[in-house]
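Undergrad: Have a look at this one before I ask anything.
The values are calculated or read from the model by the stated rules, or taken from the named source; none is laboratory data. Only a predicted model underlies this, so the values are computations on that prediction, with no experimental measurement involved. Cβ placement follows ideal geometry from the backbone for every residue including glycine, while neighbour counts extend to all protein chains displayed.
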Amino acid sequence: MQGRSFRPIAHVFYKFIQYRNYSPQLLRTYDMSALKVLVTHENGTETVGLSFRYKDEALKIDRIFNFERSTGEDLSNILARIGGNIQKALKKKKKKNETDIEGIDVKMIEENETIVKDDLSCYETFVTLANKHKLVIGDSRYEIDLNPPIVKNIDLPKNIMAGFPVYPNKLEVRFAEKKQCLFKWYKSDKKFENEKDSRAQLSKINWIEFGYGRECKTTSEDVGRLLKVVVTPCLGERRGEDAEVMSAVLVSAGPGECPFERRHHFTKNMSGENSLRVISYNILADLYADSDFARSHLFSTCPSYAIEMDYRKQLLVKEIIGYNGDIICLQEVDEKVFHRDLLPALNDEGFDGFYDAKGGQVTEGLAVFFRESKLRVLGHSRLILSEELQHNILFADLWEKVQTNPKLTERIVQRSTVLQVNVFESVEDPSKLLVVGITHLYFHPDADHIRLLQAGISLQILQQVMCLFQSKHPDKEVALLFCGDFNSTPEFGVYRLMTTQLIDFEDIDWSSKVDECVKGINFNHNLELDSACGCPPYTNFTAGFYGCLDYIFYQSDKLTVKQVIPMPTHEEVTQHVALPSITFPSDHIPLIADLQFVMTGVSD
């Protein structure tokens, strides 16, 4: 990678600045050997940004000027504003210098040296005709650089542990593609006892280059060091100015080997041909972990530093990537964590993905990631189950029966539960289609009847999607996966509905709350569904509850289970009393199974 900020200083002059309107931690490294006016304008907006460096050695002035002007403003006004601002800066310096200051000549010229008419608009001058114009300030000529790739914002985690992946978060770019950006990593040559000591000795640090790419890996030898990343924004062949950010914290020691790393021994290899490794995981949204109640009651056994998302997401990224999955179904995904952490990290591993928030104002939801070398997406949708119940003609009769009980109606309508539906085609065998449903059913202990309604509605939607794609592709085989946190243990109706194909009118779960009793409703289906990982003693283990709540339901006549990744031992789970802990990033344990398409048309 070509890093302009590290060319010999004898050849090029660079200036570090804090750019207005951007992250205060961000330093942008400008190559000003060729004078430029950096011009920014996005389609549909009515402003144009101008930025340039002005230098006067005699008056010892060297500064960056930033302007934001209206697209319709006359060039004459802009030139006058530029000249006036420079004049103000020069007058301030005059107090300490006896040299008289003459007026600053500011003009715009064309390629043939003709002065541009100053009644042109800002948009015409700096955008439409940018490549034909130069800005002249005194004796200096500035090229117009329109919409160069820019790093708008970047930061490093507030917790960096040895042995875990480190990557920029909050990365925002303009006129660039994140996937095309170039990264170069450095670490301090010195080790420090604390952040205060490191800040006091910043000027004495020599930076050692040690990695390329969006993610870097640290070791125990890096504990006590500062990190720095230099990012070059790119769009095709075009490169913008380098930007760099230094970590606010030192690299700290990690928690040691985590139980998920022992599970990784079973997933070192990919799932293999005609197979898919499926992961279902409730990753514990920060929304529910970062509260006084959660810290003091729900997750009181977890140290405060280990409940922080900056800590937990390092474990989550390493854990999920290490399973070498093909389909990753996640629940309780914070929207920011999806976009800033999971999607970029998994993009690097060959995945694409979708995020769907719950209904209402909640900023957590469901996410699916799929390995693009294995699966091609054919469809994706987000369905709020309560809205489907009320408005989908498929549920007209069901909705009529629900409405006979006002309290039941009120409760289920208020639920924001979402079903995410994805349809994939196998890249290896395009005759195989896979419908993947993901959900996180309502959690309340007295709501077995609500969960049963939600599960029944979800199954009918998934069957409808299967029929739709089967009719579109009559020559293909369509199979179903239904994954998620069902908040229901195996002895309750949700599991019975999935695996026995029937919940009748008298099922005990319909009466889980007397005044919301469900009457006259039953569910049935003809899908041969089974739980790929069986029914472990628990998939959720907290100080106040443990039980099997998570499942990978698969269509057993279309798919077979090739391998189930063993769960952690009870000793591992309880080593720190309950979950989450310093080695488990969630209160849930992921389910992982390798599934294989049943080969049709093959005789014994």
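Undergrad: Among the strands (runs of 3 or more DSSP E) lying completely within the range 61-157, list those that include at least 3 residues that are without any contact (Cβ under 8 Å) to a residue 60 or more places away in the chain.
TA: Those strands (runs of 3 or more DSSP E) span 61-70, 106-110, 133-137.
Undergrad: Moving on to the next point. Pick from the range 516-539 the residues that are polar (S, T, N, Q) and closer than 27 Å to Gln596 by Cα: which of them is surrounded by the fewest Cβ atoms within 10 Å (Cβ to Cβ)?
TA: Asn526
For every residue, the table says whether it meets (1) outside any loop (DSSP other than H, G, I, E, B); (2) without any contact (Cβ under 8 Å) to a residue 60 or more places away in the chain; (3) farther than 30 Å from Trp510 by Cα.
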| site | (1), (2), (3) |
| --- | --- |
| Gly353 | yes, yes, yes |
| Asp356 | yes, no, no |
| Leu366 | yes, no, no |
| Gly379 | yes, no, yes |
| Gln390 | yes, yes, no |
| Trp399 | yes, yes, no |
| Glu410 | yes, yes, no |
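Undergrad: Go through (1) within 16 Å of Ile589 (Cα to Cα); (2) modelled with pLDDT of 95 or more one by one and return the number of the condition Ala543 breaks.
TA: Result: Ala543 fails condition (2) only.
Undergrad: Considering only residues that are crowded, with 24+ Cβ neighbours inside 10 Å and within 23 Å of Ile160 (Cβ to Cβ), which ones fall in the range 320-332?
TA: Ile320
Undergrad: Any residue that is at pLDDT 95 or above and part of a strand (DSSP E or B) - is there at least one of those in the range 250-270?
TA: yes
Undergrad: Considering (1) under 18 Å from Asn347 (Cα atoms); (2) basic (Lys, Arg); (3) at pLDDT 95 or above, say which one Lys184 fails and leave the rest.
TA: Of the numbered conditions (1) under 18 Å from Asn347 (Cα atoms); (2) basic (Lys, Arg); (3) at pLDDT 95 or above, the odd one out for Lys184 is (1).
Undergrad: Select from the range 57-95 the residues that are of a type in the set (S, T, N, Q) and over 40 Å from the mean Cα position of the chain (by Cα) and write down the one among them that is modelled with the lowest pLDDT.
TA: Here the residue is Gln87.
Undergrad: Condition check: in a helix (DSSP H, G or I), touching a residue at least 12 places away in the same chain (Cβ under 8 Å) and in the same structural domain as Gly322 (by TED's automatic domain parsing). Does Asp557 satisfy that?
TA: no
Undergrad: Identify all residues within the range 306-339 that are hydroxyl-bearing (Ser, Thr, Tyr) and under 23 Å from Pro168 (Cβ atoms); write none if there are none.
TA: Correct list: Tyr311 only.
Undergrad: Next question, about the same structure. When the range 412-446 is examined, which residues are found to be part of a strand (DSSP E or B), under 19 Å from Glu387 (Cβ atoms) and of a type in the set (Val, Ile, Thr)?
TA: Result: Val418, Val421, Ile438, Thr439.
Undergrad: Consider the range 590-604. How many of its residues are part of a loop (DSSP other than H, G, I, E, B) and touching a residue at least 60 places away in the same chain (Cβ under 8 Å)?
TA: Looking only at that region, the number is 3.
Undergrad: For the range 208-228, give me the residue count where each residue is closer than 14 Å to Leu250 by Cα and either more than 29 Å from the chain's Cα centre (by Cα) or outside any strand (DSSP E or B) (or both).
TA: 9
Undergrad: I would also like to ask the following. Of the conditions (1) modelled with pLDDT of 95 or more; (2) under 32 Å from the mean Cα position of the chain (by Cα); (3) within 24 Å of Gln454 (Cβ to Cβ); (4) not in a helix (DSSP H, G or I), Val494 clears all except one; give me its number.
TA: So Val494 meets the others, but not (4).
Undergrad: If you go through the range 161-203, how many residues are on the phi > 0 side of the Ramachandran plot and either of a type in the set (S, T, N, Q) or surrounded by fewer than 20 Cβ atoms within 10 Å (Cβ to Cβ) (or both)?
TA: Here the count works out to 2.
Undergrad: Then there's this: Give me a count of the residues in the range 247-274 that are surrounded by 19 or more Cβ atoms within 10 Å (Cβ to Cβ) and aliphatic (A, V, I, L, M).
TA: Residues that pass the stated criteria total 2.
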